[in-house]
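The values are calculated or read from the model by the stated rules, or taken from the named source; none is laboratory data. Note that the structure is a prediction, hence the values are computed from the model and not measured. Neighbour counts run over all protein chains shown; Cβ positions are idealised from the backbone, glycine included. Calculation scope for accessible area: heavy atoms of the full protein, side chains included, ligands and nucleic acids excluded. Shrake-Rupley method; radii C 1.70, N 1.55, O 1.52, S 1.80 Å.
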Amino acid sequence: MSSNDVQLLRRCAELLNVGDWDALFELYDPDVEVEFRDVEPPPEIPGVLHGREGVRSVVAHWTAPYDEFGAEVLDYIDAAPWVVCDTRWYLKSKGSDPPVEVRFADAYEVKRGMIRRALIGFRDVETALGAVQAAA
């Protein structure tokens, strides 16, 4: 895993946390493929998304009901050619006091300096690592 791959994913987290969606989507390959794993996609969102517009649609679905929406990547794990991110997501619904935290592992394949493929929503790092090893 190159430090450039990690830097790209760190930049993604930074942009997500400040809500700079246009800049974030530019870090994805135009033909990116995003697949949901242990977590179900939102209603009306397919289990596999294609292209930046597919990513944009799921982000719009995820962020709409929240006043706060962010992520803290706890660890970046080398699973060449993948990077697995152990991530704590934090959310606060509009008009609600208690924030919610969830933890998932996501895997990203970086090619030509962009995210080419993402497998998201694994229940834990071990499951994500098993899936990317099987995909190799």
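Structure data summary
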item: Residue list for the range 76-126, restricted to those being touching a strand residue (DSSP E or B) at 6+ places or on another chain (Cβ under 9 Å), of a type outside the set (Gly, Ala, Ser), open to solvent by 60 Å² or more (accessible area, probe 1.4 Å) and not in a strand (DSSP E or B); result: Pro81, Lys94, Pro98, Pro99, Arg112, Arg123, Glu126
item: Residue in the range 41-52 that is among the β-branched types (Val, Ile, Thr), under 19 Å from Ala13 (Cβ atoms) and in contact with a strand residue (DSSP E or B) (Cβ under 6 Å, 6 or more places away or on another chain) present; result: no
item: Failed criterion for Arg56 (all others in (1) charged (D, E, K, R); (2) surrounded by 13 or more Cβ atoms within 10 Å (Cβ to Cβ); (3) over 21 Å from Leu15 (Cβ atoms) hold); result: (3)
item: From the options Leu15, Leu9, residue that is closer than 25 Å to Thr127 by Cα, in a helix (DSSP H, G or I) and among the hydrophobic types (A, V, I, L, M, F, W, C); result: Leu9
